[in-house]
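Beneath this line is the structure, given in structure tokens, with notes to follow.
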Amino acid sequence: MARYIGPDCKICRREGCKLFLKGERCISSKCAMERRPVVPGQHGLARKKEKEYGTQLREKQKVKRAYGLLEKQFRSVYEKAERARGRTGDNLLSLLERRLDNVIYRMGIASSRSEARQIVSHAHMNVNGKAVNIPSYILSKGDEISVKETKKDLDIFKALKDAKPSMPRWLEFDGAKLHGKVVDLPSREDIDLNIQENLIIELYSK
């Protein structure tokens, strides 16, 4: 399966904002956006006037890269959001937020979405008591997420027992029990990333 293996910090610089792809590094002085907040390349400092299509494309690329999806995967999520009831933009963001890898990241179990994806792929997590190793698995209201009993002694999970991470109001997680739950569906107000979903809809509607 194709995947991006280049430097993550270049992605943030290209999109012009922090996408928090490197975990704790993104909130430290080592963050590339703090040290050199310009587009990568020799012409990064030059100001370019973006056209309408370019603005829409950049917004789509930003969201796609923030959640760690490839183009085909992102298009599939968009089409699912378009078929669902309600506003396509809100549906799109809700589906992206309810991906299993993103929920694990939001709960504070992983420091980044890429680390969360690895945790899921290595079959460390259960959903409603059953093992799930698919990062793109879409969770629903009431679903329960827990660390497998045989994996609780791993250092990454031991460190969570005394941690009190901040998380969105639609999730809850008990570090002592290594157990979490989706208590509600995410709303537009729960998305902390600066996203203009209308630009993505305009792009795909052409």
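Bear in mind these aren't lab numbers, they're just calculated from the coordinates by the rules spelled out. As the structure is a computational prediction, the values presented were derived from the model and not from experiment. Cβ coordinates were reconstructed from backbone atoms using ideal geometry, including for glycine residues, and neighbour counts include every protein chain displayed.
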For the range 153-195, how many residues are more than 23 Å from VAL127 (Cβ to Cβ), more than 16 Å from the chain's Cα centre (by Cα) and of a type outside the set (Asp, Glu)? 1
Taking the range 65-101 as the region of interest, how many residues are among the hydroxyl-bearing types (Ser, Thr, Tyr) and either more than 19 Å from GLN196 (Cα to Cα) or free of Cβ contacts under 8 Å to residues at least 60 places away in the same chain (or both)? 2
Can you find a residue that is closer than 24 Å to PHE74 by Cβ, assigned to a loop (DSSP other than H, G, I, E, B), of a type in the set (A, V, I, L, M, F, W, C) and in contact with a Lys or Arg (Cβ under 6 Å, 6 or more places away or on another chain) anywhere in the range 131-147? yes
Filter the range 148-172 down to the residues that are in a strand (DSSP E or B) and out of contact with any helix residue (DSSP H, G or I) (no Cβ under 9 Å at 6 or more places or on another chain) and list them by number. GLU172
Of all residues in the range 133-142, which are over 13 Å from ALA116 (Cα atoms) and surrounded by fewer than 18 Cβ atoms within 10 Å (Cβ to Cβ)? ILE138, SER140, LYS141, GLY142
Kindly indicate whether any position in the range 189-201 is closer than 25 Å to ALA81 by Cα, in contact (Cβ under 8 Å) with a residue 40 or more places away in the chain and in contact with a Ser or Thr (Cβ under 6 Å, 6 or more places away or on another chain). yes
Provide a single number: the residues in the range 102-151 that are more than 24 Å from ARG65 (Cα to Cα) and in contact (Cβ under 8 Å) with a residue 40 or more places away in the chain. 3
